Structures are given as C-alpha cells and as structure tokens.
Amino acid sequence: MRTRQIVLDTETTGLEPEQGHRIIEIGCVELIDRRPSGRNFHQYLQPDREIDTRAVEVHGITNAFLVDKPRFGDIAADLLEYLKGAELIIHNAPFDTGFLNAELARVGPGEPVRIETCCTVTDTLVLARRLHPGQRNSLDALCTRYRIDNSHREKHGALLDAEILADVYLAMTGGQATLSLDNRTDAGAGRDRYPGRRPVARVAPLRVVSATAAELDLHASRLAAIDKASGGRCLWLSEESKEIQKDIIVS
C-alpha cells in the first residue's frame, strides 16, 4: 500500500486566528512513498481584511495582490478532497491547523469540519526537538543542519516553504536525496519563480586503513615491553584479547 504524505504550509494576515486573522496562501507538496509526485496544491486567498504590516514584512504578500483571488470557502471542498486520508507534515503544526480549523468553521453550514478528522498530522518541530534537544530548530536552522540550500528564500512563501520542509523532513527521517524540481508541473502558481535546490550532501564512507607489517612489528615489541614491565599482566596479550584482535584483522 502506498504511503501518501502532504507537506503543508500557510501564510496568514497575522498570528492569531482567534482575533480574526485569515489564511492568505496555502502550499502543499505531495509525497508518494517518500517521493514527490508533482501533484501539488497551491492557492492564494482573499482574506477580506487588512494584512498586518509585520506579516507583510515576513511574506511580502499585499492586499492589492490578493484582491482578485478566491476566498477560502471557494476552495475548501477541493482542499479537503486533496488532503483526505493523507499524513500532513507541518512545521509547528498547531499554528497551521489552528488557522485551517478556523477557516473551516467559517465555511458552514452544519457541524464544522476539523482538519484532524480527515488527516493525521506530524509536527516536524516536535520531531526536530526530539532529535536535536537544546538546539535551534527553526526551518532555517534545520536547513543549515541538513545542508539544504535555501539561499533563494528572501521571503516566506507557503509553497516554497513546503518544498523546503519536504527536503528537511526527508533528510531528518532517512537521508533521502532532496526533491528534484526538474520535472515541474503547473500545479501551484508561482513555482517557476524559484530555482532548484542542491541535494542533501552525502557523507563519504570512512576509509579503513590497515597497519603495515612494520607497524605491527613495532606494536608487538611495545606490548612485549609492557608485558615484561607489568610482570606478565598486559591485558592486550590475554587469550580473550588475542581472539578480539584476530577478528579485527580478519574483518
């Protein structure tokens, strides 16, 4: 059975959905069996309210840019169908799920849908804190730690951040090479604004350097001197130690 994961990120008008702040961009990257499928979801949204100045400084999205974009209610059904049954991969998941649930509650009528009822959610911030306790675990910090190139990320963007997070998640959970953007599709407006990224750097296997015959002779002479000085109590010359040394030489 195929494993379907959706790496998701949002951009918003502010920080608190309880204060009426809204989602203005949703970006999703689909992974099938840990490989990008190219069937992504990307949408800018009209929030029907002003975007906080500090939020604009973070993501660069303005009300003027969003004036002709659909509202969340217009795309809610398509989004839920796309997300249905997937495992959501989100960095600091309570932030994004809180906004998604607030938006879904506005759609109505009837009992509001909660995102957790149609998907499971994995929080990569929780995962990173478990793997790297006491260290910085922001997305930028994780990019540095896992050698993910995010130098083109001048502003936050939901689809761009979802692509970067997918790279980070794959590196954190198994070291798979990062997403390749060479086979881009038109799914998700604006993807072609961003160049491809370098793959995660692979660490070369350690070289095994065997001792030369001369070095082994010197080693044996030094052990003999230690054994003589200790009255025959050199542990390295015990029978058990000799068996271990034999295994090392054979391997």
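Readers should treat all values here as calculations from the given coordinates under stated rules, not as data from a laboratory. Owing to the predicted nature of the structure, the values given are computational and were not obtained by experimental measurement. Don't worry about glycine lacking a Cβ; one is built from the backbone with ideal geometry, like all the others, and counts go over all protein chains shown.
Listing V58, V107 from fewest to most neighbouring C-beta atoms within 10 Å gives V58, V107. Applying 0.36 nm per residue to the separation of L223 and R147 and subtracting their alpha-carbon distance, the gain on full extension is 22.9 nm.
Going by Cα centres, the stretch 67-134 and the stretch 1-56 are how many Å apart? Result: 8 Å between the Cα centres.
So how do R130, R4, R222 line up by other beta-carbon neighbours within 10 Å, fewest first?
Values: R130 9, R4 15, R222 12.
Lowest count first: R130, R222, R4.
Compute the signed sum of charges (Lys and Arg +1, Asp and Glu -1) over the other residues within less than 13 Å, Cβ to Cβ, of G14. Charge balance near G14 sits at -3. Taking 0.36 nm per residue of separation and subtracting the Cα-Cα distance, full extension of the segment from V107 to M172 would add 19.8 nm.
Contact order for the stretch 4-193, expressed relative to its length and based on alpha carbon pairs under 8 Å spaced 6+ residues apart, stands at 26 percent. What the Cβ-Cβ distance of Y82 and V58 gives, at R0 = 25 Å and to the nearest 0.05, is a FRET efficiency of 0.45. Considering only the other residues whose Cβ falls under 10 Å of the Cβ of H59, what net charge follows from Lys and Arg at +1 and Asp and Glu at -1? Result for the local shell: -3. Would you work out if the stretch 4-193 is rounded, prolate or oblate? Take a ≥ b ≥ c from the square roots of the eigenvalues of the alpha-carbon gyration tensor; rounded if a/c is under 1.5, else prolate when a/b is larger than b/c, oblate otherwise. Rounded is the answer for the stretch 4-193, as its axis ratio a/c remains below 1.5.
For the stretch 76-162, the square roots a ≥ b ≥ c of the C-alpha gyration tensor eigenvalues yield an a/c of 1.5 or more together with a/b exceeding b/c, which makes the shape prolate.
For the stretch 20-150, the antiparallel share of DSSP beta bridges with both residues in that region comes to about 60%.
Treating only the Cα positions of the stretch 28-135 as identical point scatterers, give the base-10 log of I(q)/I(0) from the Debye formula at each q in 0.15, 0.19, 0.23 Å⁻¹. Listed by q, the Debye log ratios stand at -0.82, -1.20, -1.38.
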